[in-house]
Structures are given as structure tokens and as C-alpha cells.
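Here the structure comes first, spelled out in C-alpha cells, and everything after it is commentary.
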Amino acid sequence: MTDRDGSRPWTPPRPDRASVAWEDRAAGLGHASTPDASDTSDELDDGLDEGHEGRAAPPIGAPMRARWRRASRARRLATAATALVVAAATVVVLGSAVQPRYATDEPTDGVVVDELRNRPATTSWTIGTRELGIPSADDGCLTYSVLGSIGSDVLVATSSQLASSETGCYDRQGRSERLVRLDPFAGDVRWSIDISGVSGGGGTLAAWIDAEAGDAIVSTTGLYGYGRGASGFGRVDLATGGLSDVHVAEGDRIRVVDANSRLVLTSESPAAPVTTGDVSGGDGAVVDDLAEDGDASAAALEAAAAAQEAAEAAASEGAATSEAADAAAAAEAALVDDDTGPRSTLYDRSDLDTPVWSGDGVYAGVTSEVLLDDGLLSVGQGVATLVDGRTGEGDPWADDLPLDAQGYRVDDTVYLVSYGSGMDSPAELSARSLDGAERWRREFEQDRWPAVTGDCVVFSDRAGVRCVDETTGVERWSRARSTETRGLPIVGERQPGQWGDDVFLQTFEGRSAPVVPGGDRALLVLDAADGSERARAFISRESTLVGASRSVGYAAVVRSADSFDGQVVFRDVTAVDLSDGRRLWNLQSESDLQFWGGALVSIAEDGSIRRLVDTVRVTR
């Protein structure tokens, strides 16, 4: 349609512009005009009643618009602000009611584990055996052990099934015995070195990493007799992988017991005979050439153990102090008089060639050794002596300990455990500061060890669980055992990635409880501050917690036959939410699974490694 002259499209006439900004537009169409600001609301409503002919009914919402027009600018702004505050408060209140409650501290071990809230899948990268420096390996013959973390990197030891002939993977040359530093998030191998000069082609390894100093002390640990059966330790440069200061025992076993940033403690003892399946034609072949010396050492150890039992029996039966001391001396003499007894040596970490001190080791009159920042605590026969880490001189640390006391260090506390006179008697845990001052002591049931977790020392027994403060020993909170709970609660040790204010407790729930199919083990997540239950998850009875992130707990069925320190292997893992306990996913893999630092990895039969990630969420 066009206007009369056909020059442009027809448009309706533009209405006149209002004279005031808030004028009621209906007024120009025969409605009541806008009243003055002095009019009341009642007058505003009465001006549009049915008694006035020729006036249409007001449009819907007109009175409200009129009221809004009449309000002052300050009042309008105040009303809008009030509405905004009310809406925000409503959102906060409703949001708080459904907000997940997770830990707020930091991971106790500094390892940040992936938040895998959805069933993970493999990434695009693969680390093969050749990238690890392994020339060849038969399928199923490689074992990986995570020795520690350097930031997000991990230090991993590789072995051909520890050279075990039982699997047909015997690797006499130790070609697969390597130490590797890699980034499990990006799949980058930093370096790979041959470590058979320390391990001898077999045996497990441990590492004490000092990222600030840039090195790691690497040592063989408790399994020997495989391959060439050597044992020793050395220093590894974390930047280059260079191996130095290698010490290998000639006929004896030497290993690092503990190390920190200043000191290294080693133990040396005669090698005992180790037999294994046929490696060259005969069953039960002795693969250690030191059988005779090992037999002599074993006899000495047995004599010492018998004398130690006699000393404990004398003490428990109320024997005179001198009699108990005589029995204890006999236990010590059984090994001290024999030059094949174990010996402990203390080194300054910067100089592994010059011993600071050497003395009787564990079993030679010593029940335990605890490495402190400035020295070594030697515990045995009711006394503890502090060996100075610079001079090697010993000073009394405590002289009022039980004869069987064993020491352990956690953070800045030395815990001493005594088992009493028998299984029916309570055990006792005492806590001391690093200078020997006793802080507190408490009895506990022998079949339930206390656990230091979540800034608590948690005790569990038939009554329930109790958390006491690490420093004061004052009970912080307790939880009584539920009538639905069967068996004693198990307090979980600190797990990789576990946050500091989480306490994990595993129980067996009664069948009347809402359990998941096929299992009745409850995993409780408690707040370390007050013991309140943050979440309750149900997992299979064979499962145990193997790792945790801030919001996810990972419970797995561990393959114990293939697991030892640093190598926890599983194929069935379940993820649970640590706020409400719901099951997030379950993965049953045909490949071995392990946590390498904060990354979950899959290990194929050929030894290749791939990281598992949550493809829905953004990860590192």
C-alpha cells in the first residue's frame, strides 16, 4: 500500500509526543487524566468508576503504574534495592541448602588428585616401553612402582616382575630395572636411567626425595634374592637423572631405613638364604651364595628373640628391675656378641661416604630407630638416646619408657607404642615432642591401631571412634558405634591426595541398612573438626580407599598379590561423592590401574601407559 501520490509506502500517522515523561498514555484516549502527586490512592481508584459515562475501564495494571509514577525517584530506587536484596537473600538461603560440603583444607601430602566425577576414558597419548628406556619386555612382565612425587611429576621404578621366575619373566640381566621421572598428566618422560647397579637386577626400591636440594636417595628395600640379589643405595639428580654415591653391599644387605633433608640412616646385616622356584633346572634352588653366613645370622636372631621374650615375661610377672635388666642384657648380648648382628649407620645427606655414627641396629638391643631433624633417636630396653647428627655423640632423651616401646615419628610428634603383657591387656600410646617432653598418653585395644589422620589421632574400639588432638591429647569428639554396624570400625590411614580435614572410616553395616547390591561396607567421611558426618557411601566389602581428591573418593579392590609399597594395583575402582556419598561411577578394567601422583593411569599387558581423564570436565 502507498500514499496518495504513490511515492512511498503508506504509514500510519505518528502519535503526538507526551508532554511529561510519566504521563498516563491512556488519558489521551478518553481515560482519566493523571492526578496530581497530592492525590491519594483511593482518589485514583474512584476516578474510574462505572458511574461516569463515556469513560472506558482502565487497562490492566494502570493503578500500579500510576502508583509507580507517583512515587519519588528516591523511593523508587529504595524499593528496587530492597527487592534486589530480598531476591539475593533468597538465592543464598536456597543455594546454601543444596550446596555440597567438601573439605576446605589442603592435601596433606601435597598431591592434588584429579577430580574424576564422570567415568574416565583414556587420553590420546601413550608412553611405551621404548620411551621408558626398556629395550624389550614380554607381555605381562613389567611392574611399575611409584616411589614419590616431585611437584606434579612422579618417580617410577620399573622391573620385570621383580625378576620372579614364577611368572616366567626372569630377567637375570636386569634390562628392565630402570628409574624414570615423568609427567603423568602430559605423558612426558623427563629421563630414564639404569638402576640395576643399585638393585642388582631385582628387589623393590624406595626413594627419599628432597625437591629443594634437587636429589633423591634411592635404596633397595625388603625383597631380595631375585635376579642377582644385590642391595644398595645411591643418589639421583632430579634434574638430569645422574646416579652417584652408589653403595652396594659385598655379601651383606645394606639399605636405607629413613632419610630427611639433613640425614640418611642405613642398616646393614648379613644376607639370609632365599629360595625360589626353579631358575636353572632344580626346584627350591638357593639363589643367594651366602647360605652359611645367613644360617649363622638367623640363629643369632632366634637367640636374641628368645632372650627378648624372657625379658618381657620377667617384667610382666613383676620381677625385680635388676632381673628384667639382666634378661634384657641377654637379649642384647645374643646379637652384640655376634659380629653378624645388624648395624645402623648415620650419614650427613651431603656426604654419603663418611659416617657420622655407627651402632647396634634394630634387634641388637634396639626396638626402633626414629630419624629426627638433627639426629637419630635410638629406642630400646626402656630408654631412648638421641644421637647428634653432627658429632655422633649420644645424650639421654627419655629413661622412663616401657621395655617394649617402639617409636614412630609423624610430623612434629614422636609416638611410642607399648603392647603390654599380652593380647588381653591394653596397649598404650604416648606422644612426645621432639625434645622428649611427654605430651599425653592413652590406652587402646591391641587389635585396632590408632591412625593419625585429619589432624587427629583417631582411636577405634567396640564402643566407636574417638579423635584426640595431636598436640594436647584432649578428646576433640567421639562417635558411638551404630546398632547397624557389625565388626569394629576401621580408621583409614592417610591416602594420596587426602585433604587435611577429612577423616575416613570404614564399617560393616547390617543388612537392614540401605546397602548397594553385592556389598555392605560403609565408607564414612567425617569432619576432623567436630566429627560430624559429611557423607556416607556404600562400597563392596572387598574395597578399600586408595586415593581422594577434594570432592571424590576412590575405592578399589586391590590386587594384593601384585601390590607392595609404592605399587597398589587394582582393576575394579568405584568413585563416590565426598559430600553426599552417592556413587559417581564404577570402572572394571581389563588392564592394571594405578594412581601415579594425582593421575589415574592404565597399564596394558605390553607395559604401555595411558592416563585416564574425565572427558566431560576440563582437567590438567
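Ignoring ligands, DNA and RNA, what percent of the accessible area of the stretch 573-620 is carbon or sulfur (1.4 Å)?
Working: 830 of 1980 Å².
After summing per-atom areas, the C and S share lands at 42 percent.
Between Ser591 and Val474, what length in nm is gained on full extension when 0.36 nm per residue of separation is reduced by their alpha carbon distance? 37.5 nm is the gain from fully extending Ser591 to Val474. So, with a 1.4 angstrom probe, what is the percent of accessible area on the stretch 351-488 that is carbon and sulfur? Its accessible area is 47 percent carbon and sulfur atoms. Converting phi to 3J(HN,Hα) with the Karplus coefficients 6.51, -1.76 and 1.60 and the offset θ = phi - 60°, the stretch 367-372 yields 8, 6, 10, 10, 7, 9 Hz in sequence order, with x at every glycine or proline.
Projecting label points 7 angstrom from Cα along Cα→Cβ for Thr391 and Ala186 puts them 4.9 nm apart.
The values are calculated or read from the model by the stated rules, or taken from the named source; none is laboratory data. Because the structure is predicted, anything quoted here is derived from the model rather than measured. Please note: Cβ atoms are built from the backbone with ideal geometry, for glycine as well, and neighbour counts cover all protein chains shown. The area values use the complete protein model at the heavy-atom level, side chains included, leaving out ligands, DNA and RNA. Shrake-Rupley method; radii C 1.70, N 1.55, O 1.52, S 1.80 Å.
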